[in-house]
Amino acid sequence: MNPSSAEILPDTDAGHVRAADILRTGGLVAFPTETVYGLGADACDDRAVARIYDAKGRPSFNPLIVHFADPETLKRHVVWTPEAELLAQTFWPGPLTLVLRKQPDSPISPLVSAGLETLAVRLPAHASARAVLRAFGGGVAAPSANRSGQISPTQADHVVASLGNRVDAVLDGGSCAVGLESTIVGLLDKPVMLRPGGITEDVLAATLGRHLAIRHKAEALSAPGQLMSHYAPHAQVRLNATEWQPGELRLGFGDVACDLNLSESEDLVEAAAHLFDYLHRLDAQKGKVIAVSPIPHDGLGVAINDRLSRAAAPREG
Ligand code: TXA
Ligand code: MG
């Protein structure tokens, strides 16, 4: 087994301050929440967020939850609604995540919501999580701190075993009390249960005074155009372009002349960090075709190619 290179931080003021400093410089810090350990990065830092996907080794970009210490900071990034207020008053801080429309001027990295115009936000109850988030001051994007396909970690040891060489630090705050990920509720047009969890539909419905639609993942994924559908550019997308056609918007990778370059140095973390932003920027130029250089299919390149091939797929209706 590889020895871990992660700094183990104590659950003290000094440990929380150190965690916040690492986050501020673009590092990855695993920290406990009341549900499971999260793999945290500064949600506004494209490159740090790209490092989360790289560390987890997921073959696609699943959108991430952003964690905050206080509701005031959180509300700057989303379009707040009366139903959000009701649920927040009743269940926060705690194991409930709300998916809301993202404020158009929010500085949160587009990679956090994988190009969606919505944002999943939560205010955790765990004292160590709150202390780190307070010391940091902004939003921290954090999926469960495990490699893709492994079980969610509820102790610092689990994180070290799974990601010890891929995180900068692990804050050791003991065991997570809940051990089950947060309940996720979408509040876009009507309330929808997106992931069941400890806070059940009955309790949520009693608070809102109406039932929630249930949308499980498989269904959501098979319903493009719905909540889980990802940003598709208006322009057509042409993949693996080794030369450019006249009039094309050119999204390059490596040493090529182009309009925007995902990474001149062929760094896949940098390419992932730029991906959604650059697709949006080229699409805003309202051309017919966005042509994209070939991207290697290893490491983060798998997730980047997955995203690009969805963008290039024929459109419905
Ligand atoms: O308890 C938890 O929620 C833990 C701790 C660390 O906070 N986090 C967690 O994150 O479980 P993760 O990445 O393993 O799961 C996030 C879920 C994914 O299923 C993702 O699809 C969904 O949240 N999600 C995130 N943003 C979304 C969005 N904008 N719209 C719909 N679903 C979203
Ligand atoms: Mg997970």
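Placing a pseudo-label 7 Å from each Cα along the Cα-to-Cβ vector at residue 134 and residue 288 gives an inter-label distance of 5.9 nm.
In straight Cα distance, which aspartates and glutamates are under 14 Å from residue 288, not counting same-chain residues fewer than 8 positions off? Hits, sequence-local ones excluded: 248. On the beta carbon distance between residue 202 and residue 101, with R0 = 30 Å, the FRET formula returns roughly 0.70.
Simple rule: put +1 on each Lys or Arg Cβ and -1 on each Asp or Glu Cβ in the chain, find the dipole, and look at 294, 99, 204; the Cα lying farthest toward the positive end is 204. A simple spin-label model places pseudo-atoms 7 Å from Cα toward Cβ; at residue 280 and residue 214 they are separated by 3.5 nm. Between residue 180 and residue 312, the FRET efficiency estimated from the beta carbon spacing at R0 = 51 angstrom works out to 0.85.
Taking the helices alone, the chain has a mean residue ellipticity at 222 nm of -9000 deg cm²/dmol, built from -39,500 (n - 2.57) per DSSP H run of at least 4 residues and averaged over all its residues. Within the chain, the longest segment free of exposed loop sites, counting GluC sites (Glu not before Pro) that fall outside DSSP classes H, G, I, E and B and have at most 10 other Cβ atoms within 10 Å, spans 1-242. Neighbours of residue 71 by Cβ distance under 14 Å: Lys/Arg scored +1, Asp/Glu scored -1, total +2. Share of carbon and sulfur in the accessible area of the chain stands at 51%, probe radius 1.4 Å. Count Lys and Arg as plus one, Asp and Glu as minus one, and take only other residues whose Cβ is under 14 Å from that of residue 165; the net charge is then +1. FRET efficiency for residue 147 and residue 267, Cβ-Cβ distance as r, R0 = 25 Å, nearest 0.05? Working from the Cβ atoms, E equals 0.75. Summing charges over neighbours of residue 45, with a neighbour being any other residue whose Cβ is under 14 Å away from its Cβ, gives -4 when K and R count +1 and D and E count -1. The gain in end-to-end length when the residue 21 to residue 298 segment is fully stretched comes to 96.6 nm, 0.36 nm per residue minus the alpha carbon separation. At a probe radius of 1.4 angstrom, the accessible area of the range 7-214 per residue rounds to 38 square angstrom. Site-free segments of the chain were taken between trypsin sites (Lys or Arg not before Pro) in DSSP loops having at most 12 other Cβ atoms within 10 Å, sites themselves excluded; the longest one is 1-209.
The values are calculated or read from the model by the stated rules, or taken from the named source; none is laboratory data. Note that this is a predicted model, so its numbers are computed, not measured. Every residue, glycine as well, gets a Cβ built from its backbone with ideal geometry; the counts of neighbours run over all protein chains shown. What goes into the accessible areas is simple: the full protein's heavy atoms, side chains included, and nothing from ligands, DNA or RNA. Shrake-Rupley method; radii C 1.70, N 1.55, O 1.52, S 1.80 Å.
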